[in-house]
1. Quick check on my filter: what residues within the stretch 307-326 are of a type outside the set (Ser, Thr, Tyr), within 26 Å of the chain's Cα centre (by Cα) and either surrounded by 15 or more Cβ atoms within 10 Å (Cβ to Cβ) or at pLDDT 95 or above (or both)?
2. Output the residue which, of all residues in the stretch 127-143 that are part of a helix (DSSP H, G or I) and under 23 Å from the mean Cα position of the chain (by Cα), is surrounded by the fewest Cβ atoms within 10 Å (Cβ to Cβ).
3. Mind checking whether some residue in the stretch 199-212 is at positive phi, outside the structural domain of Ser349 (by TED's automatic domain parsing) and either out of contact with any Lys or Arg (no Cβ under 8 Å at 6 or more places or on another chain) or surrounded by 15 or more Cβ atoms within 10 Å (Cβ to Cβ) (or both)?
4. Looking at Ser79, Ser59, which is the one that is without any contact (Cβ under 8 Å) to a residue 40 or more places away in the chain and either assigned by TED's automatic domain parsing to the domain that holds Asn125 or not aliphatic (A, V, I, L, M) (or both)?
5. Filter the stretch 227-253 for residues that are touching a strand residue (DSSP E or B) at 6+ places or on another chain (Cβ under 6 Å) and not in a helix (DSSP H, G or I) and give the result.
6. Run Lys124 past the list (1) of a type outside the set (A, V, I, L, M); (2) in a helix (DSSP H, G or I); (3) more than 24 Å from Ile51 (Cα to Cα) and report the number of the one that doesn't hold.
7. Please work out which residue is nearest to Ser386 (Cα to Cα), limiting yourself to the stretch 247-275 and to residues that are without any contact (Cβ under 8 Å) to a residue 24 or more places away in the chain and surrounded by fewer than 16 Cβ atoms within 10 Å (Cβ to Cβ).
8. Failed condition for Asn102, given (1) at pLDDT 75 or above; (2) crowded, with 19+ Cβ neighbours inside 10 Å, with all others met?
Amino acid sequence: MKKWKLGLGLSVPLITAVAAVSCGTVINSPERQSQETEIGSNATKETLTKIYNQSILGSLYGVDLVNLANDSYFNDPASEFYKDVEAAWNFYYAAETLNNINWFNEQLETWKTNSFTSYVFNSKNESIIVTTPTNSDTWKTLFLNFQSPIRTVIVNMLLVKKYLLEQSLDNVKKTLTTYDTILSDTTPETDTTKILYKSITADDGMFFFTKYLVNDKKIVNKWSYTGTPTLAQANSGILTTVNSVDTYNALVTNAANQIKTMSNGLSVSGSSTDALQNLYSYTGIAEQTSPSPTGDLSWAIADLKLQTEIKEGFQDINTNLLYSEQKLSQNAASTNSNSDLTTEVIVMSEKDGTYSLNANYLIKITPNFDTDSEKFTWATTPWNTSDSRRTIAFWLNRIDTTLIATARTHYRALGFEMESQNRSADGHITNGSV
């Protein structure tokens with residue numbers, strides 16, 4: 001198996017440490033003996049982690065990230081790396097401001113204190129500074145400063161994105177070492193893992209992405225509002241219902257929730273024509289608990305194999321079925337007088353004389369199942385573009401802090417190794433702390 005040796009070349013002080021990616025070459029420096037005694041410190045562990053992650057990411061994109069004198073990778077706006085870093089920043093900014101509209105200005109003071117707000121390009125005679133959130137100079141400056149936390153965040157986002165969306169079958173097998181055995185005739189057809197693996201397309205690069213969303217976690221895109229009904233509503237004897245974006249928004253009286261909407265940087269829409277960009281109280285992509293009854297919120301593989309269109313809409317709190325505004329309108333317009341079609345969704349409940357509002361709009365983030373190929377497919381979902389799946393990958397990295405460690409474990413299985421002459425450093429790498 002081909003191995004990439006990520007040799008440590010530490011220079012004083014450790015905060016400026018860099019590494020180089022090479023095939024079997026370990027880089028030494030005169031200061032190594034004294035510096036390696038510091039490997040066990042938390043600050044050094046953090047630096048090692050940064051070097052390791054950036055070395056891998058640079059190899060995956062074909063750019064040199066660990067040579068701090070190199071900044072030419074931002075000279076080409078058409079490059080994959082440029083576009084992905086820009087998208088990562090746009091997502092991160094939108095996600096942070098979703099719950100704190102003042103986030104950027106608050107962070108700006110910290111960035112200034114730590115001298116992260118300016119950068120002088122080595123590859124061209126030009127200086128850039130942090131200005132507004134939407135100015136490309138802002139995210140370039142924050143990324144090009146090695147110690148900037150934004151650089152660390154974006155590197156992790158892109159490592160997870162590459163792990164989830166761009167892995168060949170050979171790469172998958174290096175992590176899932178029993179893959180071939182599970183799919184062989186020696187494994188019973190009733191084996192749950194075999195059923196799962198057989199239903200996932202293995203050669204589209206997205207095996208881990210599909211597996212995660214079908215089996216590992218239950219993920220939804222979510223708008224959620226909870227509150228107390230007015231006295232008039234509670235005393236009326238009529239349960240509050242919603243049947244449209246407008247009727248849902250009318251319930252959201254809190255100004256802070258009214259400004260929480262799905263911006264472009266966060267957008268993961270469904271297939272209905274519902275005006276979700278205008279829907280209040282956006283929560284974002286989140287892990288869904290299994291309700292009872294499961295209704296449309298079952299992730300049992302047998303149920304997912306029956307799903308030929310995505311499930312989305314207002315959540316009926318009694319049945320956990322999902323109804324989009326589009327579907328409710330169609331039901332209301334139906335001329336079939338014999339059918340008992342749902343035209344509105346109850347969002348108010350009562351327990352021991354106390355009433356509460358619980359209004360949710362959910363989009364179940366799962367592939368559909370193609371009965372011809374007997375495989376899960378993204379082709380018939382709203383997420384059949386690399387950009388939309390990239391956004392989902394960014395969300396998954398944000399809500400699941402274990403994914404970056406999972407990605408690093410996978411890259412180690414591919415042969416990405418960091419090599420040092422100090423056993424302490426090697427220990428941090430092999431035991432997962434780096």
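The values are calculated or read from the model by the stated rules, or taken from the named source; none is laboratory data. This structure is a prediction, so every number in the text was calculated from the model and none was measured. Cβ atoms come from the backbone with ideal geometry, glycine included; neighbour counts cover every protein chain shown.
1. Gln307, Ile310, Lys311, Glu312, Gly313, Phe314, Gln315, Asn320, Leu321, Leu322
2. Across the stretch 127-143, the extreme among qualifying residues is Ser136.
3. First pass over the stretch 199-212, keeping only residues at positive phi: 205.
Narrowing further to those that are outside the structural domain of Ser349 (by TED's automatic domain parsing): 205.
Next, from what is left, pick out any that are either out of contact with any Lys or Arg (no Cβ under 8 Å at 6 or more places or on another chain) or surrounded by 15 or more Cβ atoms within 10 Å (Cβ to Cβ) (or both): 205.
Taking every residue of the stretch 199-212 in turn, at least one turns out to be at positive phi, outside the structural domain of Ser349 (by TED's automatic domain parsing) and either out of contact with any Lys or Arg (no Cβ under 8 Å at 6 or more places or on another chain) or surrounded by 15 or more Cβ atoms within 10 Å (Cβ to Cβ) (or both).
4. None of the others qualify; the one that does is Ser79.
5. Gly227, Pro229, Leu239, Thr240, Thr241, Val242, Val252
6. Every listed condition holds for Lys124 apart from (2).
7. This residue is Gln258.
8. (2)
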